1. Can you find even one residue in the range 80-95 that is open to solvent by less than 40 Å² (accessible area, probe 1.4 Å), in contact with a Cys (Cβ under 9 Å, 6 or more places away or on another chain) and either at pLDDT below 95 or under 15 Å from ASP26 (Cα atoms) (or both)?
2. Looking only at the range 29-59, how many residues end up being over 12 Å from TYR98 (Cβ atoms), open to solvent by 70 Å² or more (accessible area, probe 1.4 Å) and either in a loop (DSSP other than H, G, I, E, B) or of a type in the set (Gly, Ala, Ser) (or both)?
3. If I filter the range 60-79 down to residues being open to solvent by 80 Å² or more (accessible area, probe 1.4 Å) and outside any loop (DSSP other than H, G, I, E, B), which single residue comes out as farthest from ALA96 (Cα to Cα)?
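The values are calculated or read from the model by the stated rules, or taken from the named source; none is laboratory data. As the structure is a prediction and not an experimental result, all values here were calculated from the model. Cβ atoms come from the backbone with ideal geometry, glycine included; neighbour counts cover every protein chain shown. To get the accessible areas, we keep the full protein, side chains included, count just its heavy atoms, and leave off ligands, DNA and RNA. Shrake-Rupley method; radii C 1.70, N 1.55, O 1.52, S 1.80 Å.
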Amino acid sequence: MKRSFITVAAICTLVISTGAVQAAGDPVAGKTQSSKCAGCHGADGRGQGNNPPLAGKKAADFVKQMQDYKSGARKNAMMNMMAKSLSDQDIADLAAYYASLKAK
């Protein structure tokens, strides 16, 4: 019985940790995705015109804002459209990429 419990606990831990790894963003993939953002936020993510910088933004903040655009909780016609075209993994990847860059 004790061995079964340990086995089940080990499997649960593995499943949980695997999910966390999948949810983490990949900055290399995010760099590829960032070409969609460059027209407004600059190739280096440092902002352009009235568009805010993304470089150096905390990943969790970026994800939250993008999820809010995607759901419509945050309103901006262009950003709502752009966010809806991104998967959760795309958003996580972009967040990891922009968080890896230095802010102005």
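1. There is at least one residue in the range 80-95 that is open to solvent by less than 40 Å² (accessible area, probe 1.4 Å), in contact with a Cys (Cβ under 9 Å, 6 or more places away or on another chain) and either at pLDDT below 95 or under 15 Å from ASP26 (Cα atoms) (or both).
2. Counting residues in the range 29-59 that are over 12 Å from TYR98 (Cβ atoms), open to solvent by 70 Å² or more (accessible area, probe 1.4 Å) and either in a loop (DSSP other than H, G, I, E, B) or of a type in the set (Gly, Ala, Ser) (or both) gives 4.
3. Looking at residues that are open to solvent by 80 Å² or more (accessible area, probe 1.4 Å) and outside any loop (DSSP other than H, G, I, E, B), I get ALA77.
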